[in-house]
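For reference, the structure is listed below as structure tokens.
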Amino acid sequence: MTDRPSVLRVTEIGEPILHGPCRPATEQDFGSPELARLIDAMFATMYVADGAGLAANQVDVDLRLFVYDCPDDDGVRHTGHLLNPVIEPQTPGRRLIEEVEGCLSVPGANAELARPARVVARGFDQHGTPVTVEGTGYFARCLQHEADHLEGRLYVDRLGRRDRKDVLRQVEECRERVFAQRAEAAGRLDRTGTVAGCDLSCRCRRLDAPVS
């Protein structure tokens with residue numbers, strides 16, 4: 001990569017693009033320079049915002065695409081992207097894990113939410129090659145969270161009324177601070193799209209970032 005990738009504006013809860021399903025990628029999208037640039041920009045935006053995943057509608061793009069850089073339960077780092085993802089149906093009696101979840105489009109807020117402990121996601125890479133991704137623990141949560149985004153669903157939509165109200169209160173209190181931190185990180189962005197001093201293969205980036 002010879003040019004600094006773009007850092008895009010992250011859409012916020014309440015914006016229409018976050019609350020409806022995204023369009024599927026087509027043959028015109030796969031392999032295109034525009035798609036490659038979008039994926040680069042989404043990674044840069046995710047790192048600046050200190051996230052573990054980012055969906056296309058979170059950068060105001062109507063496309064069934066998300067990127068991720070997230071550890072699993074064993075501490076193994078998973079980095080990649082998925083187009084037209086489908087989460088395999090869960091079997092009855094599946095194990096759930098209740099943990100704190102956040103979202104870059106719900107800045108500064110988090111809440112506990114139960115999610116299946118293991119998922120399998122199927123989709124395509126940017127060239128149209130089929131991809132299967134299996135996630136456990138936190139990585140499973142990330143895959144489910146991002147797939148939800150592409151259906152127009154935020155994690156707060158899965159909360160009860162009281163918890164949702166608390167999340168919105170947290171946003172009011174934290175929004176300006178979060179945006180200031182992101183602006184500062186954007187200023188440190190280097191030519192490879194990560195925080196200054198790192199390259200794309202770096203493993204020193206925080207891995208406890210909130211799911212986005």
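The values are calculated or read from the model by the stated rules, or taken from the named source; none is laboratory data. Because the structure is a prediction, the values reported are computed rather than measured. Neighbour counts run over all protein chains shown; Cβ positions are idealised from the backbone, glycine included. For the accessible areas, the whole protein counts, side chains as well, though only heavy atoms, and no ligand, DNA or RNA atoms are used. Shrake-Rupley method; radii C 1.70, N 1.55, O 1.52, S 1.80 Å.
When you have a sec, figure out the Kirkwood radius of the range 65-138 from all distinct Cα pair distances and drop it here in Å to one decimal? Spell out each step's value before the answer.
Values: mean 1/r = 0.0726 Å⁻¹.
With all distinct Cα pairs of the range 65-138 included, I get 13.8 Å.
Ignoring ligands, DNA and RNA, please state the percent of accessible area on the chain from carbon and sulfur, probe 1.4 Å.
Values: 5260 of 10600 Å².
Carbon and sulfur: 50 percent of the exposed surface of the chain.
Between CYS174 and VAL76, how many nm apart are label points set 7 Å from Cα along the C-beta direction?
That separation, rounded to one decimal, is 3.0 nm.
Within a Cβ distance under 10 Å of GLN58, other residues only, what is the Lys/Arg minus Asp/Glu net charge?
It works out to a net charge of -3.
Among GLU98, GLU15, GLU146, what's the order by accessible area (1.4 angstrom probe), most exposed first? Please list the in-between numbers first.
Details: GLU98 120, GLU15 45, GLU146 0 Å².
The ranking, largest first, comes out as GLU98, GLU15, GLU146.
Tell me, what ³J(HN,Hα) does each residue in the range 91-97 have, in order and in whole Hz, if you take phi through Karplus 6.51 cos²θ - 1.76 cosθ + 1.60 with θ = phi - 60° and put x for Gly and Pro?
Residue by residue, the range 91-97 yields 7, x, x, 4, 7, 10, 10 Hz.
Taking K and R as +1 and D and E as -1, what net charge do the other residues with C-beta under 10 Å from the C-beta of LEU82 add up to?
Details: positive: ARG64, ARG122; negative: ASP125, GLU146.
Net of charged neighbours comes to 0.
Taking every DSSP beta bridge that has both residues in the chain, what percent is antiparallel when rounded to the nearest 5?
Values: 28 of 28 bridges.
Here the share of antiparallel DSSP bridges comes out near 100 percent.
Rolling a 1.4 angstrom probe over the protein heavy atoms, how many square angstrom per residue are accessible across the chain?
Values: 10600 Å² over 212 residues.
The answer is 50 Å² per residue.
At 222 nm, what value in deg cm²/dmol follows for the chain if DSSP H runs of at least 4 each add -39500 (n - 2.57) and the sum is divided by all its residues, to the nearest 500?
Values: 3 runs with 57 residues, N = 212.
Mean residue ellipticity at 222 nm (helix-derived): -9000 deg cm²/dmol.
Name the residue from GLY135, VAL178, ILE87 whose Cα lies farthest towards the positive end of the charge dipole of the chain, charges +1 on Cβ of Lys and Arg and -1 on Cβ of Asp and Glu.
Working it through, the farthest residue towards the positive pole turns out to be VAL178.
What are the ³J(HN,Hα) values, in whole Hz, obtained from phi via the Karplus relation 6.51 cos²θ - 1.76 cosθ + 1.60 with θ = phi - 60°, for each residue of the range 63-80 in sequence order, with x given for Gly and Pro?
Using θ = phi - 60°, the values come out as 7, 7, 8, 9, 10, 8, 8, 8, x, 9, 5, 8, x, 7, 7, 10, 10, x Hz.
Going toward the positive end of the dipole of the chain, with +1 on Lys and Arg Cβ and -1 on Asp and Glu Cβ, which of PRO71, ALA56, ALA111 do you reach last?
Working it through, the farthest residue towards the positive pole turns out to be ALA111.
So, counting K/R as plus one and D/E as minus one, what does the shell of residues with Cβ under 13 Å around PHE124 add up to? Before the final figure, lay out each step's value.
On the way: positive: ARG64, ARG122; negative: GLU27, ASP29, ASP125.
Net local charge, PHE124 excluded: -1.
State to the nearest 20 debye the size of the charge dipole of the range 1-107 about its Cα centre, where the only charges are +1 on K and R beta carbons and -1 on D and E beta carbons. Let's see the in-between values first.
Details: 8 positive and 18 negative charges, 32 e Å.
Around 160 debye, computed over the range 1-107.
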